[in-house]
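Asks: One structure, as structure tokens, below. Some questions next.
What follows draws every value from the coordinates through simple rules; no lab data is involved. Every value quoted in this text rests on a predicted model; they were computed, and no experiment measured them. Reconstructed Cβ throughout: ideal geometry from the backbone, glycine too, with neighbour counts over all protein chains shown.
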Amino acid sequence: FFPLSCDTMSSSASSKSTAKPKKIRAVKSPKDPRRRCAPASVAYVGDSVYEMHCRTVMCNHGAKLTPASLHEQTQRLVTAEAQASALRAIEGMSWLTPDENDVARWGANGSVGALPRRLRGKDGVATYRKATGFEAVVGWLHLTEQYERRDAFMQAAIDHLVSDEDL
């Protein structure tokens with residue numbers, strides 16, 4: 001059984017260190033996942049939470065769809081291109097709080113692993129980074145137990161991506 005946090009232990013510096021003190025940054029809560037996790041880890045959580053939300057939405061609105069159709073409809077919402085588009089739209093509405101903007105930027109600036117083949121073109125890295133920022137916001141909201149805000153964020157994304165006729 002693994003603990004629910006993604007804390008990593010690092011060796012503490014010697015107390016006899018003569019290094020200059022670091023600049024003071026904005027104080028984050030000890031429970032803030034940005035203190036404990038890599039951006040990719042928070043985005044990983046966000047990816048799974050968002051996909052589960054999309055599956056639930058599709059099941060609730062597509063009772064007569066086959067499992068294959070449900071999967072196809074869900075996949076349209078969870079691609080990197082869709083997530084990047086949704087985050088751009090949400091940012092354009094000035095809907096995000098300053099913390100959420102910081103998390104989106106933090107997630108997007110994290111290390112990029114291997115890109116899917118379909119994203120290896122002209123704007124692939126930018127799209128992938130923006131999508132990772134989207135997933136990081138969902139993961140951060142989930143890990144900080146801001147469930148109502150998380151659900152509203154995901155619903156705003158889905159509202160941007162589909163119309164009522166599509167559901």
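Asks: For segment 63-158, place one equal point scatterer on every Cα, skip the solvent, and apply the Debye formula. What is log10 of I(q)/I(0) at q = 0.15, 0.16 Å⁻¹?
Replies: Here log10 of I(q) over I(0) equals -0.62, -0.70.
Asks: Got the relative contact order for segment 33-167 handy, in percent, Cα pairs under 8 Å and 6 or more residues apart?
Replies: It rounds to 40 percent for segment 33-167.
Asks: To continue, here is another question. Provide the FRET efficiency to the nearest 0.05 for the GLN146-LEU115 pair, computing r from the beta carbons and using R0 = 35 Å.
Replies: 0.70
Asks: If you plug each phi of segment 131-142 into the Karplus form 6.51 cos²θ - 1.76 cosθ + 1.60 with θ = phi - 60°, what whole-Hz ³J(HN,Hα) values come out, in order, with x for Gly and Pro?
Replies: Running phi through 6.51 cos²θ - 1.76 cosθ + 1.60 with θ = phi - 60° gives 5, 5, x, 4, 4, 5, 5, 4, x, 5, 4, 5 Hz.
Asks: Let me ask something additional. Which trypsin sites (Lys or Arg not before Pro) does segment 42-100 hold that lie in a coil by DSSP with at most 12 other beta carbons within 10 Å? Kindly include the intermediate steps, with their values, before the conclusion.
Replies: Numbers: sites: ARG55, LYS64, ARG76, ARG88; in loops: LYS64.
Sparse-neighbourhood loop trypsin sites (Lys or Arg not before Pro): LYS64.
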